[in-house]
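The values are calculated or read from the model by the stated rules, or taken from the named source; none is laboratory data. Note that the structure is predicted; figures quoted are calculated from it, not measured. Here the Cβ positions follow ideal geometry from the backbone for every residue, glycine too, while neighbour counts run over all protein chains shown.
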Amino acid sequence: MSKMRWWGWALVVLAVAAAGLGLALRPRQAGSVQARLEGLPPAEGAFARAEGPVEFEFPKDHGPHPDFQTEWWYYTGNLQAEDGRRFGYQLTFFRRALSAPEVRSERESPWGADQVYLAHFALTDVEGGQFHAEERFERGAAGLAGAEGEPGFAVWLQDWRVEQTGEDSYRLAAAQEGLSIALELTDLKGPVLQGQQGYSQKGPEAGNASYYISQTRLESSGTVRVNGEDVAVRGWSWMDHEFSTSALSAGQVGWDWFSIQLDNNREMMVYTLRRADGSIDPYSKGTLIFEDGDTRTLTAEEFSIEATEQWTSPHSGAVYPAGWVIRVLGEDLELAVEPLLADQEWRGSFVYWEGAVKVEGRWGQVAVSGFGYGELTGYGQSMEERF
């Protein structure tokens with residue numbers, strides 16, 4: 001979720017190429033291909049596991065944690081042009097280790113890699129009714145892809161990159177085939193530690209957890225390019241950074257995750273883990289972030305996400321929720337959530353829905369509104385035993 005993103009699936013696809021194993025390709029559509037895994041042996045050795053709260057140091061801990069098998073840096077945002085046109089974007093970098101620390105060795109070749117990277121880049125053109133998505137894979141070697149936390153944070157895959165430019169400022173950029181985004185980001189609230197001081201338990205098993213850090217109020221300005229047009233935009237971005245060596249518990253088949261930025265300078269992150277019998281897993285969680293950066297952690301009993309509409313993908317046939325009401329007990333908070341565009345289904349190395357949303361509702365007796373992002377998995381195919 002990068003929410004609780006257990007995206008080992010996509011990263012091991014890249015691992016096949018990086019390790020020189022067999023990678024099968026089948027046509028996806030004209031001019032593109034779809035990669036699928038034929039057989040990658042388990043990574044050697046033992047990885048670190050998230051077993052309890054730890055002390056974080058920034059910017060170092062914005063960087064990579066190679067002792068853990070899987071890690072991701074997830075940026076989303078809602079942007080607006082001067083003429084009112086709205087855009088959503090996603091830029092996510094995933095890292096997966098091919099071997100544990102104790103079995104790694106120095107490679108003579110600069111192309112030798114013990115880490116592999118995947119990146120997703122998407123733009124939602126709301127008024128244009130278009131969702132554009134691109135995907136890249138690369139080995140973590142020869143400067144092609146990587147991450148660092150010192151002296152400043154950076155993560156990149158080829159020319160897709162986020163880098164720290166000041167104490168609280170960052171630069172984000174990605175471009176491919178006439179599609180691009182270039183933003184300056186300013187963190188107005190600092191790191192938010194999700195769960196128990198950044199320790200986010202996902203299931204009952206020991207070590208079935210992640211370390212989960214967010215930046216929930218990133219003031220954003222820059223340019224998007226879509227359909228050959230450069231558009232100046234401003235808005236807000238959200239960053240999730242998560243690392244772990246873990247998997248979904250038995251019976252957990254997918255999740256619904258939302259990040260929401262309200263016009264009262266408050267934010268919310270909530271996710272429900274869905275079980276095969278249709279019930280909500282008790283390890284579902286959320287966080288409220290207040291104006292001063294203070295937080296309230298939400299247990300599964302303290303909030304609900306009710307689906308109000310459905311949308312059937314004409315591409316995959318998956319049936320997704322397409323409208324929601326989120327309620328939080330103890331805050332008298334109720335939000336109606338709607339996609340800005342119905343078709344924001346990602347169809348790359350895996351199929352899921354990830355898109356920009358708008359919200360309206362009330363917090364106590366005060367009307368609130370805002371924008372955010374949602375991620376829906378397990379509707380086209382179960383996540384059980386995949387993560």
Being surrounded by 17 or more Cβ atoms within 10 Å (Cβ to Cβ), of a type outside the set (A, V, I, L, M) and assigned to a loop (DSSP other than H, G, I, E, B): is that true of Gly128 here? no
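Which residues, counting only those in region 309-354, are outside any strand (DSSP E or B) and within 24 Å of Ala367 (Cα to Cα)?
Within region 309-354, Leu329, Gly330, Glu331, Asp332, Leu340, Leu341 meet the criteria.
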Among the listed residues Ala356, Ala307, Ala276, which satisfies the condition of being modelled with pLDDT under 95 and of a type in the set (Gly, Ala, Ser)? Ala276
What single numbered condition from (1) of a type outside the set (A, V, I, L, M); (2) more than 17 Å from the chain's Cα centre (by Cα); (3) assigned to a loop (DSSP other than H, G, I, E, B); (4) farther than 20 Å from Gly88 by Cβ fails to hold for Ser246? (2)
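Can you name the strands (runs of 3 or more DSSP E) wholly within region 1-119 that have at least 2 residues being more than 23 Å from Glu354 (Cβ to Cβ), at pLDDT below 85 and not β-branched (Val, Ile, Thr)?
Ranges flagged: 23-29.
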Take Phe243 and tell me if it is in contact (Cβ under 8 Å) with a residue 40 or more places away in the chain and within 29 Å of Leu172 (Cβ to Cβ). yes
Pair list, Cβ < 6 Å and 6+ apart or interchain, from region 323-351 residues that are more than 13 Å from Glu309 (Cα to Cα) to residues that are of a type in the set (S, T, N, Q) and at pLDDT 95 or above: Arg327/Ser304; Leu341/Thr124; Gln344/Thr124; Glu345/Ser313
Report every pair of residues separated by at least 6 positions or lying on different chains whose Cβ atoms are under 6 Å apart, first residue within region 298-316 and farther than 15 Å from Leu273 by Cβ, second hydroxyl-bearing (Ser, Thr, Tyr). Trp311/Tyr320
Restricting the search to region 136-152, which residues are buried (at least 21 other Cβ atoms within 10 Å of the Cβ) and either outside any loop (DSSP other than H, G, I, E, B) or within 19 Å of the chain's Cα centre (by Cα) (or both)? Phe137, Glu138, Arg139, Ala145, Gly146, Ala147
Testing Asn264 on (1) modelled with pLDDT of 95 or more; (2) assigned to a strand (DSSP E or B), one condition comes back false. Which one is that? (2)
Checking the condition touching a strand residue (DSSP E or B) at 6+ places or on another chain (Cβ under 8 Å) and surrounded by fewer than 16 Cβ atoms within 10 Å (Cβ to Cβ), which residue from Glu291, Glu360, Glu267 passes? Glu360
